[in-house]
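Notes follow once the structure below has been shown.
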Amino acid sequence: MFKPKFFTVLSEITPQQLSKDVVAGILVGIVALPLAIAFAIASGVSPEKGLITAVIGGFLVSFLGGSRVQIGGPTGAFIVILYGIVEQYGINGLMIATIMAGVILMLMGFAQFGSLIKFIPYPVVVGFTSGIAVIIFSSQISDFLGLSIEKVPADFIEKWIAYATHLTSINPQSLMVGTFSLLIIVFWPKISRKIPGSIVAIIASTLLVHLSGLDVATIESRFGDIPSALPAPSVPVFDFATVKELIMPATTIALLGAIEALLSAVVADGMIGSRHKSNMELVAQGAANIITPLFGGIPVTGAIARTATNVKNGGRTPVAGMVHALTLLCIMLLFGGWAKLIPMPTLAAILIVVAWNMSEHHVFRQLLKSPRSDVIVLLTTFGLTVVFDLTIAIEIGMLLAVLLFMQHMAGIANIGMVTGELKDREEEDDPNTIRTRAIPEGVEVFEISGAMFFGAASKFKDAMHIVENKPAIRIIRMRKVLSIDATGLNMLRELLVDCRKTGITLILSGVHAQPLFAMQQYGIYDEIGEENVFGNIDDALDRSREILGLPKTGRMQNFTPSVEREK
């Protein structure tokens, strides 16, 4: 389970496949270059930190990961949370949060939580993903227009207020370069898909700015030189107070990294017909996020677009991902000095396209047609992500989704007395319908449909008190109860106590395996008595006749695993 994919596919790497992986890795490295720089700058750190992340983190994700073709590096999903951490805690705080996130990811992997990520509600994922896209777009307006804002506010609303008050300071040359770059990125794929449009835009706009002497901000004017070597590793300064405050941001980074990495791996599996090891992937992501910040990098995760590019260019083993990292290292060492000439409006144009692709606007519109509970979760998560904070958005989005789910399940649970006119909601051809049974006088039959959990507790209690005349026997029919939790068990115990106080005999009918085992573990099975638990309604009714001193209609059988269960 915890053996990296690289070591399991070594025997499959033929010379032909190796050459394909090398070519794919080089092409993905070229694609990743502008993205690594742009994501770093948008996250509030210097551009070389994005390159370091793609080199070290990307190599470790491929070398240790559970996917054949996963490409690791910085991604747009982290921008919002990282910018906030840097603003409040500085680079040292970001290093601590990243290492903490790495530890959390490794623990998730070793605890085999890989398969649990799929239980995060889809509206929550789309809500915060679309919200992040809006924030990324908003953060690039200043550079795209060349506004003379000394420090762009971090808050979304304040940011747009600042834009509105500085519209008169638009730099026409920056707007021209940004628009020029944006058009190249959008329309270049119609000419060629082999060479990324972002690379073409960077080369063309850089030449345009420096040959024509345009007054446009560049990486050099904003950040200075880009180092052409990897820095020596260093350990951040840890203090308990900062670690305590960074627990939630680090958890958010870990959760985002896990979601994006596993989604990317699933997409890749569909493209190549393979199967990744989700827990090994989480362990690899954790290791990458522990080691990368020691060299000055930022959080790393699987990148869907770069992984897809790897697959489309023939990459089929982790070798391609490692070559991608080495390609970026070579570019950093040999051509790092040239990267400082890249215009800031061009990087803004690249991120605007990333935000558009990330927004999933078509999925967002489609989800608005979903059930009302899903729409509420979607809009709440989206709104909180944009206006407040990503950490809060995920927390409240998940909590709201769980609460609405419980409400839905409680609504599905149906507890009703079926004695009355001998009518229930069964189909006419159901052989076990109560309408074909003769119910003795003094016997109540209640049927429960759905999970017997804490969300349905109050509904059950209310149903038990709808009859004014006290019966002699109360039969609880549980043939449609597939599961029960501690609240449901306690509810049965309270019912049993109430029945004994009023002299009512409690009988259970049609108990499934999970509820039966839970009742035995909880001790309530013995309290009710084996003689009062049956596998079908006929035996339960015969038991009630025996108690009332009436003749039985058939042979009684107490509940045992061999008793034929009701359909």
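Structure notes:
- Extreme residue, positive dipole direction of the chain, given options S115, L351, G510 (C-beta unit charges): L351
- Sum of -39500 (n - 2.57) over DSSP H runs of 4+, divided by residues of the chain (222 nm, nearest 500): -19000 deg cm²/dmol
- Shape call, region 257-310: gyration tensor on alpha carbons, a/c limit 1.5: prolate
- Hull-based mean projected area of region 159-218, where the convex hull spans the alpha carbons, in square nanometres: 5.1 nm²
- Size estimate for region 501-549 follows the Kirkwood approach: the inverse of mean 1/r over distinct Cα pairs works out to 11.4 Å.
- Amide H contacts for T218 (H built 1.01 Å from N in the peptide plane; partners 5 or more residues away or on another chain; cut-off under 5 Å): M344.
- Charge dipole of the chain (Cα centre as origin; +1 on each Lys and Arg Cβ, -1 on each Asp and Glu Cβ, all else neutral): 1260 debye, rounded to the nearest 20.
- Residue pairs exceeding 31 angstrom between C-alpha atoms, taken from K151/K190; K480/K552; K277/K369; K470/K552: K151/K190; K277/K369.
- Of every Cα-Cα pair in region 184-240, the percent that sits beyond 15 Å: 69 percent
- Inter-probe distance in nm under a simple model that places probes 7 Å from Cα toward Cβ, at A229 and E245: 3.5 nm
- Between the residues T165, V216, I290, the greatest Cα displacement towards the positive end of the dipole of the chain, with unit charges on the Cβ of Lys, Arg, Asp and Glu, is found for V216.
- Förster-model FRET efficiency, 30 Å R0, S148 and F335, C-beta, rounded to 0.05: 0.45
- On the principal axes of its alpha carbon atoms, region 317-405 extends 55, 36, 25 Å, with the longest extent given first.
- Among the trypsin sites (Lys or Arg not before Pro) in region 259-341, those located in a DSSP loop and surrounded by at most 15 other Cβ atoms within 10 Å of their own Cβ are R275.
- Based on Cα contacts under 8 Å between residues 6+ apart, the chain shows a relative contact order of 21 percent.
- Compared with the dominant Cα axis of the chain, that is its longest principal axis, helix 156-165 is turned about 40°.
- Charge tally for T129 (other residues, Cβ to Cβ under 10 Å; Lys, Arg +1; Asp, Glu -1): -2.
- Relative packing of 84-90, 289-295, which averages over residues the other C-beta atoms within 10 Å, highest first: 289-295, 84-90
- Label-to-label distance, K190 versus T8, with points set 7 angstrom from Cα along the beta-carbon direction: 4.4 nm.
- Cβ-based charge dipole, the chain, positive-most Cα from Y89, S138, V266: V266
- Placing R0 at 25 angstrom, the Cβ-Cβ distance between Q521 and S115 gives a FRET efficiency of 0.45 after rounding to 0.05.
- Cα-based helix-to-principal-axis angle, 15-42 vs the chain, degrees rounded to 10: 80 degrees
- Note on region 204-347: the C-alpha convex hull projects to 11.4 nm² when averaged across all orientations.
- The chain shape via C-alpha gyration tensor axes, a/c threshold 1.5: prolate
- Highest-first arrangement of 27-39, 386-398, where packing means the average Cβ count within 10 Å: 27-39, 386-398
- Restriction of the trypsin sites (Lys or Arg not before Pro) in region 150-256 to DSSP coil positions whose beta-carbon has at most 14 other beta-carbons within 10 angstrom yields K151, R193, K194.
Here, each number is a calculation from the coordinates, and none is a lab measurement. Quantities reported herein were computed from a predicted structural model and do not represent experimental measurements. Please note: Cβ atoms are built from the backbone with ideal geometry, for glycine as well, and neighbour counts cover all protein chains shown.
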